[in-house]
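For reference, the structure is listed below as structure tokens.
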Amino acid sequence: MDRYARMFERLALQRQGAFIPFVMVGDPDIPTSLDIMRALIRGGADALELGLPFSDPVADGPVIQAAAVRTLAGGVRISDCLEALRTLREEHPDVPFGLLTYANLVFHDGIASFYQRVARAGVDSVLVADVPVREAGPFATAAAQEGVAPVLIATPNADAERLAAVAAASRGYVYVVSRSGVTGAEETVRHEPEAVFRQLREMNAAPGVLGFGISTPAQVRAALAMGAAGAISGSAIVRRIADGLGDVPALLGDLETFVREMKAATAPEYDVA
Amino acid sequence: MKLDGRFGSYGGTYVPEILMPALEELEAAFLDAREDEDFHETLQTLLRDFAGRPTPLWRCRNLCADTPARIWLKREDLLHGGAHKTNQVLGQALLAQRIGKRRIIAETGAGQHGVATAIVGALFGLETRIYMGAIDVERQHLNVLRMRLMGAEVVPVESGDRTLKDAINEAMRDWAASWETTHYLLGTVAGPHPFPTMVRDFQRVIGEEARHQMIQQAGRLPDAVIACVGGGSNAMGIFADFVDEEDVDLIGVEPAGHGLDSGEHGATLLRGRGGILHGAHTLLLQNEDGQVSDTHSISAGLDYPGVGPEHAHLAATGRARYVGCTDDDAFAAFQRLSREEGIIPALESAHAIAEAIRIAESADTELDLLVNLSGRGDKDMETARRLLENA
């Protein structure tokens, strides 16, 4: 059984949802980033969703764009990011690591070579933000050969045919977005995605996890109530990092506390105050 | 999607999943309109009565008159708006209306596509927002004023390199949130399917006219068709009708900036590697990690690290060949055409003029060279003044 399957099985037994924080690997430098990822795990993250920095992140809003800029401006290379993940994998053999990145980083040097490299770094899944299911074939095939799960996005505007294609192709989990737009927009959930989660279950898809617009414990709770198996929080965390870099020890404590509060909301006894 | 949207292995639809329904809707409207006589008639009328087609073909009287070559200029600089861009914005605006979009957004580099989009925004009463790199806002200020005068909102983009590629990123982000009400009026033959095919088809009128005009005025087809290539829409527009004429050389001229080996240029087809940017598999200027490179060109409209996927295909098959032209050579051609012919070309188009001059001056037999004079140079007077003062 792979790490995602074991995680969802454990959470099902505990009657909990998954809380999955997102950060950019290498933001703002490799040692600090490693400490940040460790803090997220200490706070109780069930899995990590990790950005590989790209120069032209068209699916990201200003907060995550700025993280990519910080990381690349610091001279961080993709090989440095993967080396850091390999280190973290040795420390945490069971926590699923998902990568979120862009097509050119996967494609430019040969798709097969990319998936070999990330598999060696201990990565469990890869979501390529600008590869829709229509173009996903070669990516999914190369991923499967290395035992890496291809993750696809289920959108609120998908018709049944597209949703079925996403359900069939996505492994590990399905990344469900609840609204149009890019990451980090300051608005609450606009489309009610219950129907998407229900259809994904009917199609025997991998568990659906809600991304976009998750920045408070109440939103985690709401996501699970809509039928999500978990919730991903990105911009809320990356913004804390941007604001907290002046005092890294305090930042690490703040992130650990934030994750602990968000994780607490995944338990059934959690009381929405 | 009905079409596969590929040119050989290039092209495709590499966009976030959320945009796929918007691309499908656009492709359907485009294919439907292609078969619709009324659509063609409406577009033809607009091209003729509003935009001023057909544009003339001018045989240079003085430029390279002492060589065996004749240089023929397809005068897209005389089109309303001052560049070839107006051809295809009329087509896309009609499509936007067809699918009920009330708002249009666009990216712009030199500002020519932004001006063209502002024109159709005003003409059709569409809310219009133009994304423009902050650096380009400075160096093409006159075009910013034109856009604003016609009622468009111009948003300076401060991210990344602050030029054309960053303006496209920002327009794509807008579209991901607004596709239900908004048409992204992409300005060139790049981007995801159906844009490369659709923009080429709306621009091929340039080559269709030029072909008839060559036969009428020269009595033969040209030996070579020469056009500058940034994203590549004016080149695809004039190439399209000659692709099947194997005796006609197709020559694309890329911005070699400070030189092809300087690291400061925009010569994607000559120096790029395969990659994926802005929706398409194409050639890209990028570093060894796959991060997209900063580019440089004297002309904002050619300052782009990618290129339309059909050009990548034409380069791969050898049907078209691509050469570089430096900033200095382009500026020299800009001055020569102004002084010798009384025509001030856009700095973009001056790259194609420079290549025509180079071929003419080394010719030892009679040659007919057809050059797409894709835009006029009024917008470049600030740049020209600065270069002349520093000379």
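The values are calculated or read from the model by the stated rules, or taken from the named source; none is laboratory data. Only a predicted model underlies this, so the values are computations on that prediction, with no experimental measurement involved. Neighbour counts are summed over all protein chains in view; Cβ atoms, including those assigned to glycine, are modelled from backbone coordinates with ideal geometry. We work out accessible area using only protein heavy atoms, side chains counted, and drop any ligands, DNA or RNA first. Shrake-Rupley method; radii C 1.70, N 1.55, O 1.52, S 1.80 Å.
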Revision key, fill the gap. With label points set 7 Å from each Cα along the Cα-to-Cβ direction at B:Ala332 and A:Thr257, the distance between them in nm comes to 6.7 nm
**Study point:** Distance violations [Cα-Cα > 22 Å] among B:Lys165/B:Lys379; B:Lys2/B:Lys74; B:Lys101/B:Lys165; B:Lys74/B:Lys165
**Key:** B:Lys2/B:Lys74; B:Lys101/B:Lys165; B:Lys74/B:Lys165
Point to revise | Per-residue SASA entry for A:Met7, accessible area with 1.4 Å probe, Å² rounded to 10 | key: 10 Å²
Revision key, fill the gap. Taking Cα pairs closer than 8 Å and at least 6 residues apart, the relative contact order of chain A in percent is 23 percent
Check your understanding: For the pair B:Glu264 and A:Glu83, how long in nm is the line joining their label points, each one 7 Å along Cα→Cβ?
Key -> 3.2 nm
Review point. Which FRET efficiency value, to the nearest 0.05, do you get for B:Phe124 and B:Met381 by plugging their Cβ-Cβ distance into 1/(1 + (r/R0)^6) with R0 = 25 Å?
Key: 0.25
**Study point:** Under 5 Å, built H, 5+ apart or other chain: amide partners of A:Gly230
**Key:** A:Ala18, A:Leu210
Point to revise | Choice from B:Ala300, B:Ala333, B:Ala33 showing the highest fluctuation, given a GNM over chain B with Cα pairs closer than 10 Å | key: B:Ala33
Review point. Considering only A:Ala223, B:Leu3, A:Ala169, whose Cα is most displaced toward the positive end of the charge dipole of the protein assembly as shown, charges sitting on Cβ of Lys, Arg (+1) and Asp, Glu (-1)?
Key: A:Ala223
Review point. What whole-number value in cubic angstrom gives the convex hull volume per residue for the C-alpha atoms of chain B?
Key: 130 Å³
Revision key, fill the gap. To the nearest 20 debye, segment A:181-262 has a Cα-centred charge dipole, built from +1 on Lys and Arg Cβ and -1 on Asp and Glu Cβ, of 240 debye
Review point. What GluC sites (Glu not before Pro) does segment A:242-273 have in DSSP loop regions with at most 13 other beta carbons within 10 Å?
Key: A:Glu269
Review point. If you bin the C-alpha pair distances of the protein assembly as shown every 10 Å from 0, what whole percents do you get?
Key: 3, 16, 26, 23, 16, 10, 5, 1, 0
**Study point:** For segment B:135-161 and segment A:71-86, distance of Cα centres in Å
**Key:** 35 Å
Revision key, fill the gap. So, with points 7 Å from each Cα along the Cβ direction, the A:Arg42-A:Asp243 label distance in nm works out to 2.1 nm
Check your understanding: Between A:Ala218 and A:Thr141, 0.36 nm times their residue separation minus their Cα-Cα distance comes to what?
Key -> 23.9 nm
**Study point:** segment A:210-273 - percent of accessible surface contributed by carbon and sulfur, probe 1.4 Å
**Key:** 55 percent
Check your understanding: Using alpha carbon centroids, what distance separates segment A:131-149 and segment B:66-83, in Å?
Key -> 48 Å
Review point. Can you put B:Thr128, A:Thr216 in order of accessible area, largest first, using a 1.4 Å probe?
Key: A:Thr216, B:Thr128
Exercise for review: Express in Å², to the nearest 10, the accessible area of B:Asp247 obtained by rolling a 1.4 Å probe over the protein heavy atoms while all chains stay in place.
Suggested key: 140 Å²
Practice item. For A:Ala267, put the label point 7 Å out on the Cα→Cβ axis and report which residues of segment A:4-36 keep their amide N under 20 Å from it. Key: A:7-21
Exercise for review: For B:Val137, tell me the accessible area in Å² from a 1.4 Å probe, rounded to the nearest 10.
Suggested key: 20 Å²
Practice item. Would you please state which residues of segment B:166-182 a label at B:Arg103 would reach in this model, taking the label point 7 Å out along Cα→Cβ and a backbone N cut-off of under 19 Å? Key: B:167-182
Study note, to complete from the structure: Nearest-0.05 FRET efficiency for B:Gln216 and B:Phe50 at R0 = 41 Å, using Cβ-Cβ distance, is 0.95
Practice item. Show the residues, 5+ positions off or on another chain, whose built amide H is closer than 5 Å to the amide H of A:Val174. Key: A:Gly208, A:Val209
Practice item. Just subtract the alpha-carbon distance of A:His92 and A:Glu194 from 0.36 nm times their residue separation and send over the number in nm, one decimal. Key: 33.4 nm
Practice item. Note the angle between two axes, namely the Cα long axis of helix B:112-124 and the longest principal axis of the Cα atoms of chain B, as a number of degrees from 0 to 90, rounded to the nearest 10. Key: 50 degrees
Study note, to complete from the structure: Rounded to the nearest Å, the spacing of the alpha-carbon centers of segment A:197-249 and segment B:188-265 is 48 Å
**Study point:** Using θ = phi - 60° and Karplus 6.51 cos²θ - 1.76 cosθ + 1.60, couplings along segment A:228-235 (whole Hz; Gly, Pro as x)
**Key:** 6, 7, x, 9, 10, 10, x, 4
Revision key, fill the gap. Length gained, A:Ala73-A:Ala112, 0.36 nm per residue minus C-alpha separation, equals 11.3 nm
Study note, to complete from the structure: For the protein assembly as shown, dividing by residue count, accessible area per residue (probe 1.4 Å) in Å² works out to 36 Å²
Check your understanding: What is segment A:3-260 by shape, rounded, prolate or oblate, if you read a ≥ b ≥ c off the alpha carbon gyration tensor as root eigenvalues and call it rounded for a/c under 1.5, prolate for a/b larger than b/c, and oblate otherwise?
Key -> rounded
Revision key, fill the gap. Answer in debye to the nearest 20: the dipole magnitude of segment B:325-391 about its Cα centre, from +1 Lys/Arg and -1 Asp/Glu charges placed on Cβ, is 300 debye
Practice item. Would you work out which of B:Ile276, B:Ile251, B:Ala316 lies farthest towards the positive end of the dipole of segment B:218-328? Charges go on Cβ: Lys and Arg +1, Asp and Glu -1. Key: B:Ile276
Point to revise | Rounded FRET efficiency, nearest 0.05, which uses the C-beta distance separating B:Glu153 from B:Ser362 and R0 of 35 Å | key: 0.15
Practice item. Let me have the relative contact order for segment A:127-273, percent, based on Cα pairs under 8 Å that are six or more residues apart. Key: 17 percent
Point to revise | Charge dipole magnitude, Cβ of K and R +1, D and E -1 - the protein assembly as shown, Cα centre, debye nearest 20 | key: 820 debye
Study note, to complete from the structure: Ranked by GNM mean-square fluctuation in chain B (Cα springs under 10 Å), the top entry among B:His40, B:His351, B:His84 is B:His40
Review point. How far, in degrees from 0 to 90, does helix B:85-98 lean away from the longest principal axis of the Cα atoms of chain B, to the nearest 10?
Key: 20 degrees
Check your understanding: Scaled to the compact-protein estimate 2.2 N^0.38 Å, what is the alpha-carbon radius of gyration of segment B:323-380, rounded to two decimal places?
Key -> 1.08
Exercise for review: For chain B, set up a Gaussian network in which alpha carbons nearer than 10 Å are linked by springs, and say which option among B:Gly109, B:Gly263, B:Gly207 fluctuates the most.
Suggested key: B:Gly263
